[in-house]
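One structure is given below, encoded as structure tokens.
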Amino acid sequence: MRHGKKHNHLGRKTAHRKALLHNLANALITHKRITTTLAKAKALRVFVEPLVTKAKSNTTHARRVVFGYLQNKEVIMELFGPVAEKVGDRPGGYVRVIRTGFRKGDGAEMAMIEFVDFNEVYNNGDTQSSEGQAKRRRRRKAGSGASAAQSSAADTEVIAEELTNDDEEK
């Protein structure tokens, strides 16, 4: 029985799984975006997010704790430098997993995992869309319910005014 075993074992023994997650985390922090299987990406998200949270408090103790996981000085400098700087005000959800389809060889479901704040395409799109919505007026099409009754009443008033204007001109 697998009672109380919440994490995905990924078909590996404990040491192999830990080494895999450490290497994937190192690659993610270094490159900011990697492609892997969906199961590994979901396991990596659970592994990396607490490390990024620790990196937000730039203390010696936090650096030593994270180094215990990643075992790479360059990656630690990257995590506590640019990565922690960009995610400093974010309360969580530092990485996103995007499904990319199925691998041709064995049909495994693939996913791309990336840091949210390092994707310039999504970040620029968010700011432009919010500005664009503020400039544009939103109009609602007549639907069912009270709004439809109000819009039909307004339409009737406009038509009645047009008819009275036409009668006065004649």
Tell me which residues, restricted to the range 48-61, are surrounded by fewer than 18 Cβ atoms within 10 Å (Cβ to Cβ) and farther than 12 Å from Phe115 by Cα. Pro50, Thr53, Lys56, Ser57, Asn58, Thr59, Thr60, His61
Give the residue, chosen from Leu10, Leu70, that is at positive phi and surrounded by 13 or more Cβ atoms within 10 Å (Cβ to Cβ). Leu10
If you go through the range 78-107 one residue at a time, how many are exposed (fewer than 15 other Cβ atoms within 10 Å of the Cβ), in contact (Cβ under 8 Å) with a residue 40 or more places away in the chain and not in a strand (DSSP E or B)? 3
For the range 48-73, give me each residue that is under 25 Å from Val97 (Cβ atoms), in a loop (DSSP other than H, G, I, E, B) and in contact with a Phe, Trp or Tyr (Cβ under 8 Å, 6 or more places away or on another chain). none
Given the residues His22, His3, His7, which is the only one that is over 22 Å from Asn119 (Cα atoms) and part of a helix (DSSP H, G or I)? His22
Scan the range 31-82 residue by residue and report those that are over 19 Å from the mean Cα position of the chain (by Cα), within 19 Å of Ala15 (Cα to Cα) and among the aromatic types (Phe, Trp, Tyr). Phe67, Tyr69
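Bear in mind that the values in this text are calculations on the coordinates, not laboratory data. Predicted model only: the values in this text are computed from it and were never measured. Note that we place each Cβ from the backbone using ideal geometry, even for glycine, and neighbour counts take in every protein chain shown.
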